[in-house]
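Participant: This is the structure I have questions about; it appears just below.
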Amino acid sequence: MPKVAVQDVALIVGGGPGISASCARLLAQDGMRVGIAARDPDKPVLESLERSHGIRRYRCDASEPDAVRELFEAVVRDLGAPTLVVHNIDGRVAGIFGKAITDVEPRMALETLRNAAFSALPGRPAVGTDHARQPNQCPRRERNDHLLPTQVRPSKASRQVVPSQWHVTPSPGSRRAWREN
Amino acid sequence: MPQGIHVANVPIDAAIGWTQEDGSRAHRRAGTTVDDNMADPDRIAGDLSATASPASVDVGI
């Protein structure tokens, strides 16, 4: 009986030159079909990923539930149902960088929360749900779907909503973890 | 009832310095790494990948 290799599909929501690009490269090298979504999918780094690793680019404002639904529909159509979703949205609006908590305008804080926190919610029902599957894929119980929200926040951010200085030394524990792995 | 969905929240307690064309690592606002004070996104991606499942499955038809 012939065997057909069925590639897993990964979707990275929130794309830039950092963790998302590294994940996209690694997952593609591991044999996954990879899509990456960003409000601006025409960033040079994302175009480069498309050329070098065949990463599919999608335009999506993940703070809008309808946009997320349309994103997943497009990914399922183009690549297949994702079995790994990396929620990698920073969320901070441009004007909020470098400001102390007492200087941040409430509107910016609300928009940042909406981008960073709320945007993870519309994506959650989409991974692992039957409507996101294709008929030729395994039933849910035979699969292992993953949702990996990343939260990049240097230690200083816990004391000050927006770090005014980005030269933050990672905590000893996190530095040790990076080196041991 | 288990839904077969793994959720891993990954707080990353570091600024991210990604590799530049000249091989150095830098953050878009903070500049070049000093004394290895930024996390390497390639290393983080490796950890995330290890958290997830193998990349593909073989299905008999």
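The values are calculated or read from the model by the stated rules, or taken from the named source; none is laboratory data. These figures come from a predicted structure and were not determined experimentally. Cβ: placed from backbone, ideal geometry, glycine included. Neighbour counts: every protein chain shown.
Participant: Within chain B, considering only strands (runs of 3 or more DSSP E) that don't extend past its boundaries, which have at least 2 residues that are modelled with pLDDT under 85 and among the β-branched types (Val, Ile, Thr)?
Facilitator: Numbers: elements: B:5-7, B:10-12, B:25-27, B:56-60.
Fully inside chain B and qualifying: B:5-7, B:10-12, B:56-60.
Participant: Within the range B:41-54, how many residues are under 12 Å from the mean Cα position of the chain (by Cα) and either among the aromatic types (Phe, Trp, Tyr) or more than 7 Å from every other protein chain (Cβ to nearest Cβ) (or both)? Step through it out loud before you land on a result.
Facilitator: First, pick out the residues of the range B:41-54 that are under 12 Å from the mean Cα position of the chain (by Cα): B:41-52.
The next check asks that each one be either among the aromatic types (Phe, Trp, Tyr) or more than 7 Å from every other protein chain (Cβ to nearest Cβ) (or both); those that pass are B:50.
Adding up the residues that qualify gives 1.
Participant: Select from the range A:49-63 the residues that are assigned to a helix (DSSP H, G or I) and touching a helix residue (DSSP H, G or I) at 6+ places or on another chain (Cβ under 6 Å) and write down the one among them that is surrounded by the most Cβ atoms within 10 Å (Cβ to Cβ).
Facilitator: Ranking the qualifying residues of the range A:49-63, first place goes to A:Leu49.
Per-residue answers, yes or no, for (1) out of contact with any strand residue (DSSP E or B) (no Cβ under 7 Å at 6 or more places or on another chain); (2) assigned to a loop (DSSP other than H, G, I, E, B):
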site: A:Leu11; (1), (2): no, no
site: A:Leu27; (1), (2): no, no
site: A:Ile36; (1), (2): no, no
site: A:Asp40; (1), (2): yes, yes
site: A:Glu47; (1), (2): yes, no
site: A:Glu70; (1), (2): yes, no
site: A:Gly80; (1), (2): no, yes
site: A:Gly95; (1), (2): yes, no
site: A:Val104; (1), (2): yes, yes
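Participant: Could you give me the residue pairs with C-beta distances under 7 Å whose first residue belongs to the range A:82-95 and is of a type in the set (S, T, N, Q), whose second residue is at pLDDT below 85 wherever it lies, and which are 6+ apart or on separate chains?
Facilitator: Here the result reads A:Thr83/A:Arg143; A:Thr83/A:Asp145; A:Thr83/A:His146; A:Asn88/A:Thr150, each pair linking the range A:82-95 to a residue that is at pLDDT below 85.
Participant: Let me ask you something else. Residues of the range A:101-116 being β-branched (Val, Ile, Thr) and closer than 21 Å to A:Asn88 by Cβ, which ones?
Facilitator: A:Thr112
Participant: In this structure, does A:Arg51 turn out to be touching an Asp or Glu at 6+ places or on another chain (Cβ under 9 Å) and at pLDDT 95 or above?
Facilitator: Taking the combined requirement at face value, the residue does not satisfy it.
Participant: Mind listing just one residue for me: the one in the range B:1-37 that is more than 8 Å from chain A (Cβ to nearest Cβ) and aliphatic (A, V, I, L, M) and, of those, farthest from the chain's Cα centre (by Cα)?
Facilitator: Only one residue fits best here, namely B:Met1.
Participant: Filter the range A:66-95 for residues that are farther than 18 Å from A:Arg39 by Cα and either surrounded by fewer than 17 Cβ atoms within 10 Å (Cβ to Cβ) or touching a Ser or Thr at 6+ places or on another chain (Cβ under 8 Å) (or both) and give the result.
Facilitator: Start the filter on the range A:66-95 by keeping residues that are farther than 18 Å from A:Arg39 by Cα, which leaves A:76-84.
The answer is A:Arg77, A:Asp78, A:Thr83, A:Leu84.
Participant: If you go through the range A:82-93, how many residues are outside any loop (DSSP other than H, G, I, E, B) and either over 15 Å from A:Arg56 (Cβ atoms) or of a type in the set (Lys, Arg) (or both)?
Facilitator: Residues of the range A:82-93 outside any loop (DSSP other than H, G, I, E, B): A:84-87.
Among the residues that remain, those that are also either over 15 Å from A:Arg56 (Cβ atoms) or of a type in the set (Lys, Arg) (or both) are: A:87.
Total satisfying the criteria: 1.
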